[in-house]
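The values are calculated or read from the model by the stated rules, or taken from the named source; none is laboratory data. Note that the structure is predicted; figures quoted are calculated from it, not measured. Note that we place each Cβ from the backbone using ideal geometry, even for glycine, and neighbour counts take in every protein chain shown.
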């Protein structure tokens, strides 16, 4: 695995991402949001939500789906809710606005939900729910995606492969933190398997003609010129269990169906249509999103909440493991990374060149120049 990784200063990475997005035309605030979320993923150890995920907004910008000059705006709100129109901006800006709104409303009201729509990719949702955690609040959030999974028993992609992040307050122990995708794989898994000649972890590929299942991406993986993470796939995605299928559809209801400006996944363009269609594609790459925040301090003692969380997590961690196994708490390793204050992070090598050569180079920037500029700050 080591030959696939390089170790980099996270502050340089943040600086470079910010400079490149500003060179593309973004405001400094917009660039701050993008760079912050991407580097947060690296610190957490979620490398496929790191530098390579920048490609998603780069492609959306090139194809005319993303308006880099637009500003998301609140179009309606009440004491415990709001709706934010991304105005075709990035999800990074839109989700930060949604998170801040929900946190402030929950501060006095106890609970608040903010819907979003008409925006593009937002990267790792861990960053947005963590903002609530920093305020001793609970949050869960998601958006839907372009069609990346077939209905259970189906042949063609109709469903999202949505991110889902949720976190609750904690004391001195690791928080209860869920960070999952509600389907078996997404585009980064295809590129990882193809580049490194690996198979998927399950037979999740559905042949578009025969319906046969496979874990071999080679007949189906479709690279996008100049990109290292975002690839297309001619096979549909298999959802392995009815539980995941049900959660996927529940999340679609949250992100797009009850969302007043949401567009369900069946109305979103495919990766192929985005890459080839450009300005003819009718919507951004995301149909809708939500951010729900709960402030437990409104309902009772926050110290009691933290104590119960710590007691619960300690009991889970101390559970006797089965022979040959260990007991882990979801999100614990990433939380420890975040609190380690480490300055060096891992980056996939095949995400590095597409960013610094293919993308930064479009704006007359190079890794060497960015390093020199960073050193003179």
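Checking the conditions here, which among 268, 159 is modelled with pLDDT of 95 or more and at negative phi?
Of the residues listed, the single one that is modelled with pLDDT of 95 or more and at negative phi is 159.
State the number of residues belonging to segment 94-129 that are buried (at least 23 other Cβ atoms within 10 Å of the Cβ), out of contact with any strand residue (DSSP E or B) (no Cβ under 6 Å at 6 or more places or on another chain) and assigned to a helix (DSSP H, G or I).
Result for segment 94-129: 3.
In segment 144-162, how many residues are surrounded by 19 or more Cβ atoms within 10 Å (Cβ to Cβ) and either in contact with a strand residue (DSSP E or B) (Cβ under 6 Å, 6 or more places away or on another chain) or more than 24 Å from residue 204 (Cβ to Cβ) (or both)?
Number of matching residues: 7.
Any chance you could count how many residues in segment 228-255 are more than 19 Å from the chain's Cα centre (by Cα) and surrounded by fewer than 17 Cβ atoms within 10 Å (Cβ to Cβ)?
Adding up the residues that qualify gives 6.
From the list 16, 23, 41, 31, exactly one residue is over 13 Å from the mean Cα position of the chain (by Cα), at pLDDT 95 or above and under 22 Å from residue 125 (Cβ atoms). Which is it?
Being over 13 Å from the mean Cα position of the chain (by Cα), at pLDDT 95 or above and under 22 Å from residue 125 (Cβ atoms) holds for just one of 16, 23, 41, 31, which is 31.
Across segment 321-368, what is the number of residues that are assigned to a helix (DSSP H, G or I) and either within 26 Å of the chain's Cα centre (by Cα) or surrounded by 13 or more Cβ atoms within 10 Å (Cβ to Cβ) (or both)?
Count: 23.
Looking only at segment 13-38, which residues are surrounded by fewer than 18 Cβ atoms within 10 Å (Cβ to Cβ), in a helix (DSSP H, G or I) and in contact (Cβ under 8 Å) with a residue 12 or more places away in the chain?
Those that are surrounded by fewer than 18 Cβ atoms within 10 Å (Cβ to Cβ), in a helix (DSSP H, G or I) and in contact (Cβ under 8 Å) with a residue 12 or more places away in the chain: 23, 29, 36.
Quick one: would you say residue 132 is in contact with a helix residue (DSSP H, G or I) (Cβ under 7 Å, 6 or more places away or on another chain), in a helix (DSSP H, G or I) and surrounded by 24 or more Cβ atoms within 10 Å (Cβ to Cβ)?
Answer is yes for this residue.
All but one of (1) in a loop (DSSP other than H, G, I, E, B); (2) out of contact with any helix residue (DSSP H, G or I) (no Cβ under 7 Å at 6 or more places or on another chain); (3) over 24 Å from residue 244 (Cα atoms) hold for residue 155; state the number of the condition that does not hold.
(3)
Show me the strands (runs of 3 or more DSSP E) entirely contained within segment 177-267 in which 1 or more residues are out of contact with any strand residue (DSSP E or B) (no Cβ under 9 Å at 6 or more places or on another chain).
Answer list for segment 177-267: none.
Can you work out which of the residues in segment 69-88 that are part of a loop (DSSP other than H, G, I, E, B) and within 19 Å of the chain's Cα centre (by Cα) is surrounded by the most Cβ atoms within 10 Å (Cβ to Cβ)?
Restricting to residues being part of a loop (DSSP other than H, G, I, E, B) and within 19 Å of the chain's Cα centre (by Cα), the top hit is 86.
How many residues does segment 278-320 hold that are closer than 29 Å to residue 122 by Cβ, outside any loop (DSSP other than H, G, I, E, B) and modelled with pLDDT of 95 or more?
Count: 14.
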